[in-house]
1. Taking Val184 as the residue in question, decide whether it is of a type in the set (A, V, I, L, M) and modelled with pLDDT of 85 or more.
2. Pick from Lys234, Lys225: which is assigned by TED's automatic domain parsing to the domain that holds Pro188, part of a helix (DSSP H, G or I) and not polar (S, T, N, Q)?
3. List every residue pair whose Cβ atoms lie under 6 Å apart, where the two residues are 6 or more positions apart in sequence or sit on different chains, the first residue falls within region 181-210 and is small (Gly, Ala, Ser), and the second residue, located anywhere, is modelled with pLDDT of 80 or more.
4. Out of curiosity, is Asp6 surrounded by fewer than 19 Cβ atoms within 10 Å (Cβ to Cβ), of a type outside the set (Ser, Thr, Tyr) and at pLDDT 80 or above?
5. Considering only region 115-133, I want to know if a residue exists there that is assigned by TED's automatic domain parsing to the domain that holds Gly81, in a loop (DSSP other than H, G, I, E, B) and either touching a Phe, Trp or Tyr at 6+ places or on another chain (Cβ under 7 Å) or not hydrophobic (A, V, I, L, M, F, W, C) (or both).
6. Is it fair to say Ala96 is at pLDDT below 70 and under 29 Å from the mean Cα position of the chain (by Cα)?
Amino acid sequence: MSPCADAAAPASSSAPTLAPLIAAQLNYLLSHSKLPFKVWFPSIPSLPRLTLPLPVSRRSLAGDFVYNALYPKVAPDVVFGPDDEGFQPLVDYAEAGNGDKSCLAHWDCRDPGGLLALVEELRELYIEYQKRRVGEVDDARLAFELSTVLSKEGIEVCMVPPTDRPDEVKFAVPLLDMDYAKLVQGCPWRSPQKIHLQVIFPISRRVNTVPSAPRLKLMSTPELKSLFSVEDVKLPPWLNGMCLAEYLPSLEENLKVLIVEASASIGSRRRFIEALALPFGRPLEADPIFCRRATVLCISGVFTFLVCNKMPETSILSGFSVHFAIPLQFPKQQPVLILQSSQHCNVEGIPIMSPPINDYPWSPRWDVTEMVERIYDFLTDECQNFKKFCSDAITQQK
């Protein structure tokens, strides 16, 4: 299969040529969906078959949407994987007397939003299907958890597909009903950002056993990691006899504090980048929104070097760039520096770069002016080592 096209952009131009009506529906789905769908195209263009993983409880419901290449006006057939053979959404709709409410009952091939409406409908039906399956599990602790937290808006549950592990149930609990984009000036996020707590409960078949602690993991939408990394959060311990309703308040309170700190850190990183201008000159480029990156140009005397196209030795003013990768935990953690030569290239014609550097003098208690001055003093000496590093690299290429 060809590489996937994600929801941030229309279908790739390298994808198989689709009928205009089908292509319009697919592009509308990828452009307007707030969920991170991915689409794969099979190797047989004559049989348009779109696999749309539907993110439910942090797992994917993989459904193949099969169009008829000869009759593109007909609604697609939907085929689910072996783990979801019991999911028969249209049968459930018919039994509930809601068949006329399905978007398939009034499918209009000319409506570009038809595929998106179908996907959203199936997702909602699948969420309800999984809730019914979990509700049928004979486990007292699980029944209690469902009764206490299932009313929380946006929560999802599902059975974990069978593996070598015992039977398990997965919860995805949305945390902190916040508009994170308001914390970042000029934020480019198109979709709402979310943080979820993934909780996996083992199902106990024994009546008198003490329930074991669930497995816990924080998850977030990918874009949010530019502001805040859930991987760095230390989760509160799960105490014996605890339930989700008891666990969530302290977790959310901790997250609020950390996110406020992350937002404030943007200002600290911005002041650091602005302070670079005094000793180094105005940065060549910088991340103006999250302030995670900056690059400055440095000059260090005259020296002899071999240019990358292997012309005779030349003596000119040496120049190199310094790339600053500024961590989210700034100023507790110092920026990582990478030096890049503007004259020395490897055999592929790529400018030579130093290994990452983070062993220079640093204190989070210094003001940004002193931080930058210390880095400048460090680079005054380090550039000599970098010159030698570049010369040695060129020599080794001979």
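1. Values: of a type in the set (A, V, I, L, M): yes; modelled with pLDDT of 85 or more: yes.
In short, yes.
2. Details: Lys234 fails: part of a helix (DSSP H, G or I).
It is Lys225.
3. Partner pairs satisfying both residue conditions: Ala181/Cys187; Ala181/Trp189; Gly186/Ile289; Ser204/Asp139.
4. Values: surrounded by fewer than 19 Cβ atoms within 10 Å (Cβ to Cβ): yes; of a type outside the set (Ser, Thr, Tyr): yes; at pLDDT 80 or above: no.
Criteria not met by Asp6.
5. Within region 115-133 (the criterion being assigned by TED's automatic domain parsing to the domain that holds Gly81, in a loop (DSSP other than H, G, I, E, B) and either touching a Phe, Trp or Tyr at 6+ places or on another chain (Cβ under 7 Å) or not hydrophobic (A, V, I, L, M, F, W, C) (or both)), the answer is no, since none of the residues qualifies.
6. Numbers: at pLDDT below 70: yes; under 29 Å from the mean Cα position of the chain (by Cα): no.
Against the criterion (at pLDDT below 70 and under 29 Å from the mean Cα position of the chain (by Cα)), Ala96 does not qualify.
Listed here are the residues, each with its yes/no results for (1) modelled with pLDDT of 75 or more; (2) surrounded by 15 or more Cβ atoms within 10 Å (Cβ to Cβ); (3) not assigned by TED's automatic domain parsing to the domain that holds Ala262; (4) not in a helix (DSSP H, G or I).
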| residue | (1), (2), (3), (4) |
| --- | --- |
| Thr304 | no, no, yes, yes |
| Ser321 | yes, yes, yes, yes |
| Leu328 | yes, yes, yes, yes |
| Ser341 | yes, yes, yes, yes |
| Ile352 | yes, yes, yes, yes |
| Pro355 | yes, no, yes, yes |
| Pro364 | yes, no, yes, yes |
| Cys383 | yes, yes, yes, no |
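Conditions tested, residue by residue: (1) surrounded by 14 or more Cβ atoms within 10 Å (Cβ to Cβ); (2) under 25 Å from the mean Cα position of the chain (by Cα); (3) aliphatic (A, V, I, L, M).
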{"residue": "Asp232", "(1), (2), (3)": "no, yes, no"}
{"residue": "Leu239", "(1), (2), (3)": "no, no, yes"}
{"residue": "Leu244", "(1), (2), (3)": "yes, no, yes"}
{"residue": "Leu248", "(1), (2), (3)": "yes, yes, yes"}
{"residue": "Lys256", "(1), (2), (3)": "no, yes, no"}
{"residue": "Ala264", "(1), (2), (3)": "no, yes, yes"}
{"residue": "Ile273", "(1), (2), (3)": "yes, no, yes"}
{"residue": "Leu276", "(1), (2), (3)": "yes, no, yes"}
{"residue": "Gly281", "(1), (2), (3)": "no, no, no"}
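The values are calculated or read from the model by the stated rules, or taken from the named source; none is laboratory data. No experiment lies behind these values; they were computed from the predicted model shown. In this analysis, Cβ positions are derived from the backbone assuming ideal geometry, glycine residues included, and neighbour counts consider all displayed protein chains.
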